[in-house]
1. Just to be sure I understand, how many residues within segment A:211-234 are in contact (Cβ under 8 Å) with a residue 40 or more places away in the chain and not in a loop (DSSP other than H, G, I, E, B)?
2. Mind counting the residues in segment A:196-241 that are under 21 Å from the mean Cα position of the chain (by Cα) and within 12 Å of another protein chain (Cβ to nearest Cβ)?
3. Condition first: surrounded by fewer than 21 Cβ atoms within 10 Å (Cβ to Cβ) and without any contact (Cβ under 8 Å) to a residue 40 or more places away in the chain. Can you find one or more residues in segment B:157-174 that meet it?
4. Does at least one position in segment A:187-199 carry a residue that is surrounded by fewer than 21 Cβ atoms within 10 Å (Cβ to Cβ), aliphatic (A, V, I, L, M), in contact (Cβ under 8 Å) with a residue 40 or more places away in the chain and in a loop (DSSP other than H, G, I, E, B)?
5. Quick check on segment A:260-275: of everything there that is open to solvent by 10 Å² or more (accessible area, probe 1.4 Å) and touching a residue at least 40 places away in the same chain (Cβ under 8 Å), which residue is farthest from the chain's Cα centre (by Cα)?
6. Scan segment B:116-153 for residues that are part of a helix (DSSP H, G or I) and in contact (Cβ under 8 Å) with a residue 60 or more places away in the chain and jot them down.
7. Kindly evaluate A:Tyr268 against the criterion of being among the aromatic types (Phe, Trp, Tyr), facing chain B (nearest Cβ under 10 Å) and under 25 Å from B:Ala302 (Cβ atoms).
2 protein chains.
Amino acid sequence: MKKFINNVENVENEMLEGMVDAYPEYVKRLPGLDVIVRSEKKEGKVAVISGGGSGHEPTHAGFVGKGMLDAAVPGAVYTSPTPDQILEAIKAADAGKGVLMVVKNYTGDVMNFEMAAEMADDIETAEVISNDDVAVEDSLYTTGRRGVAGTIFIHKIAGAKAEAGANLADVKAVAEKVIANVRTMGVALKPSTVPAAGKPGFELGEDEMELGIGIHGEPGTSREKIQPANAIVDHLLDKIMNDSVDYSGSEVAVMVNGSGATPAMELYILNKRVHDVLKEKGIKIVKTYVGNYMTSIDMAGASISLLKLDDEMKELLLAPADTIALTQD
Amino acid sequence: MKKFINNVENVENEMLEGMVDAYPEYVKRLPGLDVIVRSEKKEGKVAVISGGGSGHEPTHAGFVGKGMLDAAVPGAVYTSPTPDQILEAIKAADAGKGVLMVVKNYTGDVMNFEMAAEMADDIETAEVISNDDVAVEDSLYTTGRRGVAGTIFIHKIAGAKAEAGANLADVKAVAEKVIANVRTMGVALKPSTVPAAGKPGFELGEDEMELGIGIHGEPGTSREKIQPANAIVDHLLDKIMNDSVDYSGSEVAVMVNGSGATPAMELYILNKRVHDVLKEKGIKIVKTYVGNYMTSIDMAGASISLLKLDDEMKELLLAPADTIALTQD
């Protein structure tokens, strides 16, 4: 295992310290806790929080800031955060108008966020569960579909709604609308290595790729010989667009997300094909994000997310955000 | 070679198309050329342009936009752009007040930018050559030191000076001041693979790292057994701080730059140590950037840059920028 680390047991802690050291203008850490909050709390608004295992950076702490999240709860690598930490995030983020919890559909995450919400009995909470991955129904860590990179559109859009002063019900409603309209599928060329494990989570032959990979390296839909980028994009888009969202004639947002070890060069090549295919289908792309948004440590791979927009989601997507990993005017 | 590509001969072209498709609000491509310019040209200011081989994304095209570059000229992967392309960038970027060319010190880059400047005889040009890499004097592709990630501080600071309306001499002067005050050193854990070559540019044993690596995988100062992250940072900082810039008691900007395949987790762990060491030395960090700013395709590695600031550089560093890869209010 070749990594810039000191001690596998201290990876999460040092990472969080390094992030807070780097960006005090955006985030601070609650003393003694694995909870990241905005460096300046905004009062009188619905708070939006998220969390999950570490290893997906910049998810989630990189999206804490104006127009997106109010707090993030990073667990150990690829491990759900504990209810006590989530409870502290709820308490710290609450600004008097309630807290929306954005949870990716993984059994441990859902259970722990719900337990924390129960413990926070004097704070109003609501929950949405993202499940944008079209690859598989049920899986190693889920009942139902997995929540993956499309979740970042929830952070952006629900975050903008909350920033604009909406109440908890309306912030939750727009988050649910994003969930209903976003679909994602991924592919891996090389596995990731959890520091504490010291070796890759799975093996892939020198000419193999895993289609439909999960963000923790969970098995996808098939393992195949690696194909040209365009053929891979076509396969992913085919699955995404033949799922339950009708994208025809619509306006969409695109995310071409890198898994951590895939260079920007390759993500842009994938994006070119996404645009070419969607243009040919008469689908209008309103906004595109290409980069490492929800990674899998050092996995080489990518995912494509497609969000069908209506006027409300479009306006909120294009609204300003100011976070470590996503800033727009 | 496992990569998301279609054809090794078309990598650069498809990458540029994919970038322009993704971010039309920031950049456009000059028709038929490998030149990226701002989607909306700003008239009446000094233009700042840069360029060099592709494979270092988001460098340089990712820094084209308000407060940074006016044009970028990407060559083939790890290959200098040609004078004719650079000339077109000069012509396109010039807005009546002259063009500053920011060139990394590589023999081919310097030669071709200077040739282009001569060809642009009716446009006033000036040139600065970055050489921030403290690892080696002279090298495979340079006489003198290599220009590496510290160059991005030139884009930011000279770009802000130009945006503020300064004349060519003053924009050049502040660029030279950055060059005089920024030092960088890198390290690699795994080599990069140029698509057209199809195999890694060098080999490293399973327990080896290359200290002082160049951004094209050029040999560094030594090949050693991999060490804990903190020891690696200490080594790099020691070389940087015992070079010719006296950082003691000063205000600095830090960049912890990823080489393309290094996850954010590890960059943050490196950054924690950078901050701990500098704090202990009484050096004040004004601004930190952690991420993939000047990559080496899919190399696993990182570099640390330290820029000693004065009031002018500090103000310009903190000024707004709005580009694909660096946006700040």
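1. Of the residues in segment A:211-234, 6 are in contact (Cβ under 8 Å) with a residue 40 or more places away in the chain and not in a loop (DSSP other than H, G, I, E, B).
2. Residues of segment A:196-241 that are under 21 Å from the mean Cα position of the chain (by Cα), as a first pass: A:201, A:210-221, A:233, A:236-237, A:239-241.
When the remaining residues are screened for being within 12 Å of another protein chain (Cβ to nearest Cβ), the result is A:210, A:233, A:236.
Going through segment A:196-241 one residue at a time, the tally reaches 3.
3. Yes, because at least one residue in segment B:157-174 is surrounded by fewer than 21 Cβ atoms within 10 Å (Cβ to Cβ) and without any contact (Cβ under 8 Å) to a residue 40 or more places away in the chain.
4. yes
5. Applying the filter and picking the extreme gives A:Arg273.
6. B:Thr151, B:Ile152, B:Phe153
7. Criteria met by A:Tyr268.
Here's the yes/no breakdown for (1) at pLDDT below 95; (2) hydroxyl-bearing (Ser, Thr, Tyr); (3) farther than 21 Å from A:Ala160 by Cα:
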{"position": "A:Val274", "(1), (2), (3)": "no, no, yes"}
{"position": "A:Leu278", "(1), (2), (3)": "no, no, yes"}
{"position": "A:Gly282", "(1), (2), (3)": "no, no, yes"}
{"position": "A:Lys287", "(1), (2), (3)": "no, no, no"}
{"position": "A:Ala302", "(1), (2), (3)": "no, no, yes"}
{"position": "A:Ser305", "(1), (2), (3)": "no, yes, no"}
{"position": "A:Asp311", "(1), (2), (3)": "no, no, no"}
{"position": "A:Lys314", "(1), (2), (3)": "no, no, no"}
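The values are calculated or read from the model by the stated rules, or taken from the named source; none is laboratory data. These numbers were taken from a predicted model, which means no experiment stands behind them. A quick note on method: Cβ atoms are made from the backbone with ideal geometry, for glycine too, and the neighbour counts reach across all protein chains shown. Heads up: the accessible areas ignore ligands, DNA and RNA and are worked out on the full protein's heavy atoms, side chains in. Shrake-Rupley method; radii C 1.70, N 1.55, O 1.52, S 1.80 Å.
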